[in-house]
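Here the structure comes first, spelled out in structure tokens, and everything after it is commentary.
Values in this text are rule-based calculations from the coordinates and carry no lab data. From a predicted model like this one, the values you see are computed outputs, not experimental measurements. Positions of Cβ are backbone-derived with ideal geometry, glycine not excepted, and every protein chain shown enters the neighbour counts.
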Amino acid sequence: MRVLTADAMRMLDAAACAKFTEIELMRRAGRAIAALARTQCAKGRVVGLAGGGNNGGDALAALAELEASSYERIAFSLDPGDKASDARRDAEQRAREAGVVIHPINADAIAQASASSALFLDGLLGVGARAPMRDDIRALTRAINTRAQGAVLAIDVPTGLNATTGIAENDAIIARATIAVGALKLGLLLEDARPYVGELWFDDIGMDDKTLDASASYEYAVLDETSAAALLPARPPDADKRTAGAPLIIAGSKQFPGAAVLSARAAARAGAGYVTVATPRNAAATLRGHLIEQVVIAFDDDDPQRAVDDILSAAKRHGAIGIGPGLGLSENIGKIVRGVIIGSTLPTVIDAGGFFHLAKHLDILRGKNAVLTPHAGEFARLSGAGSFASRERLTRLRAFVREHGITTLLKGQTTLVDDGGRVYLNTTGTQTLATAGAGDVLTGMIATLLAQELPAFEAASLAAYWHGNAARIAAAHRPIGVVAGDLPDVLGKAAPQKTPPIMPMRVF
């Protein structure tokens, strides 16, 4: 699914209006918003806050769709004057004909209505709004945030939130839910926006891929169940254990053997037919005591060149390499990590201990089919540019990938994957993944997908989506105390399934 900036959305709107007419699109938006509003409240007073533009028209169109038998429908509307589009005029006329009571917009009246209203539709400002909000709009948003007893359903974007950057002004609307119509907007998915967006829902209102392709290029995307399932490699009927996917994972140490175990188990549960772990000899016995189906080979880290030769020899029988979970920080381990990367042509995923040994040697990855998977602290050290605020995550990631040419997965509430041309934004992230070892599981999953010949960007994106699904399933069975070891066992249940799209569709 494509994700658009505000500028790209304006281009899509123009193309869609030429195809369907603006009035038809606003009526479709009204039906989609009303459908979601019914799930937010079954009956009661619904108040529409209608700005002077088409976002306000969408609010009025939604009120016209709600049943008078279940809802008391009131709108507070800014007078658009001569600037009103034909679609907004049509929406207001239909709302009046449906019995919606429309008042001039007034902060005091809205504050009075707040105490007895079940739901507010925020249609004050849309995707094209520019900061700062006018003082009269700010007075309205402050009244809603401080006085409203009912929930707020934001249309396209909560008022006061930038649709591209996700940065919120003071007094931006805090919504229970937001419905994006036509296309998802980039800012809604970024971490700073989450407290304002609430639940994120989406309805394409008929703006299909052909319309998107004809209107604007796009750099950003998300996966849903259907598109994720389409990426998931199918095991061919004539597969053997190696052609089913054979990752080699270089991981573990005497101090941290568990990371290697988690990564190997996850690789197997993600569908690999043959998983091998290469580990220092002082960790091998521990790993063999925990891994039954996976092969453990030991290397001598006292002799780095021999270790590199042994690992590269083993790699000839594998389809991808995973490096890093639980690896030690000695200089000899660094020589081994760098030697394997230089000597191998296999797709590779690098995490955890691998970063320590690559921070000043990223040049050896240029041109390689590789994925880096740092969390924020690791990324700050790896990039050499220091720590950063959450609102800088996207720009810092893009600059790093442009400089180094390495597909990078930056972990977070919204995990980002950038290959230099596209950015994937993951929607399945959950606080359940804030547990030691969760990243090791992700590394094993990516290693398997790479071994099954999925390209680096797709492997990282699919694994992030699937990983989040697994965490949610694990949390449903164990609301408190999910550990990383729970995740591999639910990967089968969490695998994305092809499902018919239901609109509106919940994104997160």
Share of Cα-Cα pairs in segment 122-276 beyond 20 Å, whole percent, is 64 percent
Least to most buried among Ser116, Ser253, Ser85, by other C-beta atoms within 10 Å and fewest first, runs Ser116, Ser85, Ser253
Asserting the computed 222 nm helical MRE of the chain (DSSP H runs at least 4 long, -39500 (n - 2.57) per run, divided by residue count, to nearest 500) equals -12500 deg cm²/dmol
The size of the Cβ-based charge dipole (Lys, Arg +1; Asp, Glu -1) of the chain about the Cα centre, to the nearest 20 debye, is 660 debye
For segment 188-333, one quarter of the surface area of the C-alpha convex hull, expressed in nm², comes to 14.0 nm²
Mean Cβ-within-10 Å packing, highest first, puts peptides 231-243, 164-176, 378-390 in the order 164-176, 378-390, 231-243
On each of the three principal axes the extent of the alpha-carbon atoms of segment 6-95, given in whole Å and largest first, is 37, 27, 21
If the chain between Met503 and Arg317 were fully extended at 0.36 nm per residue, the gain over the current Cα-Cα distance would be 62.4 nm
Counting only DSSP beta bridges with both partners in the chain, the antiparallel fraction in percent, to the nearest 5, comes to 15 percent
Looking only at lysines whose Cα falls under 22 Å of Lys335's and that sit 8 or more positions away or on another chain, we get Lys254, Lys316, Lys360, Lys368
Sparse-neighbourhood loop hits (GluC sites (Glu not before Pro), segment 50-143; DSSP loop; Cβ within 10 Å at most 15 others) -> Glu67
Shape call for segment 376-508, from the Cα gyration tensor axes a ≥ b ≥ c (a/c under 1.5 means rounded, otherwise prolate when a/b beats b/c, else oblate), comes out prolate
One checks the Cα atoms of the chain and finds Rg and Dmax, in Å, of 25.8, 84
Proxy exposure order for Ile292, Ile364 (fewest C-beta within 10 Å first) is Ile292, Ile364
To the nearest 10 degrees, the tilt of helix 456-477 (Cα long axis) against the first principal axis of the alpha carbons of the chain is 80 degrees
Of the candidates Ala172, Ile74, Gly44, the farthest towards the positive dipole end of segment 2-218 (Lys/Arg Cβ +1, Asp/Glu Cβ -1, centred on the Cα centre) is Gly44
Taking Rh as the Kirkwood radius computed over alpha-carbon pairs of segment 2-218 and applying Stokes-Einstein at 37 °C with viscosity 0.692 mPa s, one gets a diffusion coefficient in µm² s⁻¹ of 196 µm²/s
D (µm²/s, integer) via Stokes-Einstein for segment 320-433, Kirkwood Rh across alpha-carbon pairs, 25 °C, 0.890 mPa s: value 170 µm²/s
Given 313-320, 190-197, the highest-first ranking by average Cβ count within 10 Å works out to 190-197, 313-320
Subtracting the Cα-Cα distance of Met11 and Ala239 from 0.36 nm times their residue separation yields 77.5 nm
To the nearest 10 degrees, the tilt of helix 22-40 (Cα long axis) against the first principal axis of the alpha carbons of the chain is 70 degrees
Protection proxy (average C-beta count within 10 Å per residue), highest first, orders 103-110, 414-421 as 414-421, 103-110
Total charge of the residues flanking Ile336 in space, meaning their Cβ is under 15 Å from its Cβ, with Lys and Arg +1 and Asp and Glu -1, is -3
Computed for segment 2-218: size of charge dipole around the Cα centre, +1 on C-beta of each Lys and Arg, -1 on C-beta of each Asp and Glu, debye to nearest 20, value 340 debye
Per-residue Cβ contact counts at 10 Å, fewest first, order Met133, Met26, Met505 as Met505, Met133, Met26
The helix 393-404 Cα axis meets the longest alpha-carbon principal axis of the chain at an angle in degrees, between 0 and 90 and rounded to 10, of 40 degrees
Simple SL model, points at 7 angstrom along Cα→Cβ for Gln112 and Ser330; separation in nm is 7.9 nm
Length-normalised contact order of the chain, Cα under 8 Å, at least 6 apart, in percent, tallies to 14 percent
